[in-house]
Amino acid sequence: MSVAVRAAGLVKRYGPRVAVDGVDFEVRTGECFGLLGPNGAGKSTTMRMLCCLSPRDGGELAVLGIDPERDPRALKHRIGVVGQEITLDLELTVRENLLVYARYFAIPAAEARVRGDELLELVALADRAGEAVERLSGGMKRRLQIARALVNRPELVLLDEPTTGLDPQARHVVWERLRELRRRGVTLVLTTHYMDEAEQLCDRLVVMDHGHVVREGRPADLVRAEVGREVLELRMGPDDLARLRALPDLAGAGIQVEGDLVQLAGDDAEGLHARLRAAGVGGELQAARRATLEDVFLRLTGRRLRED
Ligand code: ADP
């Protein structure tokens, strides 16, 4: 197994604030790896250290075998970066944005045109090649930004919240394009706030909070280990909740209470519901559903708002 990124004891401070506090992870070559966490967890800061945008204050970092601080030029030639902000040149056309970017890598003009056309096919923007970027929708701009990050044929692409602000259709198109990249052997590292996105795309991920990695694993394994197969959601008052808590054999059900919403985890949510009713626990059924990565996330990082 070859390793694309190795971070060990990674630290970043902003004055007295420790944004990244001893983070360890490994990204394997060819996989899609996710950095998840609430606002302020340290995801973007970690990304910035990986892509040579921010020096670290401690720990070891090797990206494609290169220390980003020691040899940023060599590394920048081999990676692609898709930032949160749209940084396209709005007055240039779609194709011109790619050609201008290709010059940074000293790619000859003829070759840049070939690559540009290929990439516009890849992100389904070939029919917009001659149009000014300012006339594109948000989803199209994001796809163009991804295309631009691929101009230098990177082995590793780093994406910070690649689908934030996109409508469901545009998100699905971006996901499909990212899967295509992965099929072609490109290693992907992405941050996201969308748990369904992480479940759809990531082979493995870390959940970060307060600058630490709190869990690492495959999405399905994390769901199984942290929650279980299914979740039962009921709305109930304090009397029913008291009856529920008094039931002797529910200790393993990981009861979570948020206002009048009570969640129980188990292998069979419908069966659990029947058992509760038989035991005299009332309440209004909200859902009996498959456990998701969102359940894992909320259990690990809590439900309190992070205003950052
Ligand atoms: P995330 O991407 O997970 O939302 P960030 O990496 O952006 O988290 O931020 C981690 C912490 O570092 C936060 O507390 C944030 O306020 C702080 N931080 C990030 N960038 C800066 C900066 N340039 N100056 C000062 N503090 C920063």
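The values are calculated or read from the model by the stated rules, or taken from the named source; none is laboratory data. Quick caveat: nothing in here was measured; it's all calculated off a predicted structure. Reconstructed Cβ throughout: ideal geometry from the backbone, glycine too, with neighbour counts over all protein chains shown. Please note that ligands, DNA and RNA were not included when accessible areas were found on the heavy atoms of the full protein model with its side chains. Shrake-Rupley method; radii C 1.70, N 1.55, O 1.52, S 1.80 Å.
In this structure, is Gly80 more than 15 Å from the ligand (Cβ to nearest atom), crowded, with 17+ Cβ neighbours inside 10 Å and within 21 Å of the chain's Cα centre (by Cα)?
yes
Just one of the numbered conditions (1) part of a helix (DSSP H, G or I); (2) surrounded by 15 or more Cβ atoms within 10 Å (Cβ to Cβ) is not true of Ala220; which one?
Failed condition: (2).
Looking at the range 1-17 only, could you name the residues that are away from the ligand (no atom under 16 Å from the Cβ) and open to solvent by 20 Å² or more (accessible area, probe 1.4 Å)?
Of everything in the range 1-17, those that are away from the ligand (no atom under 16 Å from the Cβ) and open to solvent by 20 Å² or more (accessible area, probe 1.4 Å) turn out to be Met1, Ser2, Val3, Arg6, Ala8, Gly9.
Checking the conditions here, which among Met140, Met195, Met208, Met236 is in the same structural domain as Arg103 (by TED's automatic domain parsing), under 30 Å from Val281 (Cβ atoms) and crowded, with 18+ Cβ neighbours inside 10 Å?
Met195
Looking at Ala274, is it small (Gly, Ala, Ser), open to solvent by less than 90 Å² (accessible area, probe 1.4 Å) and farther than 29 Å from Arg218 by Cβ?
Yes, satisfied.
If Ala265 passes every condition in (1) modelled with pLDDT under 95; (2) part of a strand (DSSP E or B); (3) open to solvent by 20 Å² or more (accessible area, probe 1.4 Å) but one, which one does it miss?
Condition not satisfied by Ala265: (3).
Could you identify the single residue in Asp117, Asp89 that is over 22 Å from Val189 (Cβ atoms), open to solvent by 20 Å² or more (accessible area, probe 1.4 Å) and not in a loop (DSSP other than H, G, I, E, B)?
Sole residue among the options that is over 22 Å from Val189 (Cβ atoms), open to solvent by 20 Å² or more (accessible area, probe 1.4 Å) and not in a loop (DSSP other than H, G, I, E, B): Asp117.
Considering every residue within the range 166-181, establish whether at least one is closer than 30 Å to Arg73 by Cβ, in contact with a Gly (Cβ under 9 Å, 6 or more places away or on another chain) and without any contact (Cβ under 8 Å) to a residue 60 or more places away in the chain.
yes
Of everything in the range 83-103, what is more than 16 Å from Leu120 (Cα to Cα) and free of Cβ contacts under 8 Å to residues at least 40 places away in the same chain? Give them in sequence order.
Glu85, Arg103
Can you tell me which of Val151, Val174, Val133, Val157 is open to solvent by less than 20 Å² (accessible area, probe 1.4 Å) and touching a strand residue (DSSP E or B) at 6+ places or on another chain (Cβ under 6 Å)?
Going through Val151, Val174, Val133, Val157 in turn, just one is open to solvent by less than 20 Å² (accessible area, probe 1.4 Å) and touching a strand residue (DSSP E or B) at 6+ places or on another chain (Cβ under 6 Å): Val157.
Collect the residues in the range 92-108 that are assigned to a loop (DSSP other than H, G, I, E, B) and either surrounded by 15 or more Cβ atoms within 10 Å (Cβ to Cβ) or outside the structural domain of Ala124 (by TED's automatic domain parsing) (or both), keeping them in residue-number order.
Within the range 92-108, Leu92, Ile107 meet the criteria.
Restricting to the range 181-192, give me the number of residues that are out of contact with any helix residue (DSSP H, G or I) (no Cβ under 6 Å at 6 or more places or on another chain), open to solvent by less than 10 Å² (accessible area, probe 1.4 Å) and not aliphatic (A, V, I, L, M).
Within the range 181-192, residues that are out of contact with any helix residue (DSSP H, G or I) (no Cβ under 6 Å at 6 or more places or on another chain), open to solvent by less than 10 Å² (accessible area, probe 1.4 Å) and not aliphatic (A, V, I, L, M) number 1.
Could you list, in sequence order, all residues of the range 18-60 that are open to solvent by 20 Å² or more (accessible area, probe 1.4 Å), assigned to a loop (DSSP other than H, G, I, E, B) and closer than 22 Å to Leu75 by Cα?
Thr29, Gly30, Cys52, Leu53, Pro55, Arg56, Asp57
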